[in-house]
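Step one of this worksheet: look at the structure below.
The values are calculated or read from the model by the stated rules, or taken from the named source; none is laboratory data. None of the values given here were measured: they were computed from a predicted structure. Positions of Cβ are backbone-derived with ideal geometry, glycine not excepted, and every protein chain shown enters the neighbour counts.
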Amino acid sequence: MPLYDLYAQIVYALKGADVETVVVGGRPVMRNRRVLTLDEPTIMARVREYGVRIKRSLTSPWKGTGPGLARVLIRQAEQPASSLLRR
């Protein structure tokens, strides 16, 4: 296979696991495989909270009396993703 564009060939051959650092517009957004633009502890705390609420809605003996899984998911999906970004 002829090599016309060395940089394109390198990018095409790489996998996501090969990427360590990402810079966008001169600003690093990932360094040493750690995303710098998201607040990971906040995201993980919210995930755990949602998991508890979903599990509770699935195991509740009073089905139909609480918010239910669908309403919990819809309510959470309506929250802006920007609340997870680091400032």
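Of all residues in the stretch 26-80, exactly one satisfies the criterion of being at pLDDT below 75 and closer than 26 Å to G16 by Cβ, namely A77. Residues in the stretch 8-40 that are surrounded by fewer than 12 Cβ atoms within 10 Å (Cβ to Cβ) and among the acidic types (D, E) were compared, and the one that is nearest to the chain's Cα centre (by Cα) is E20.
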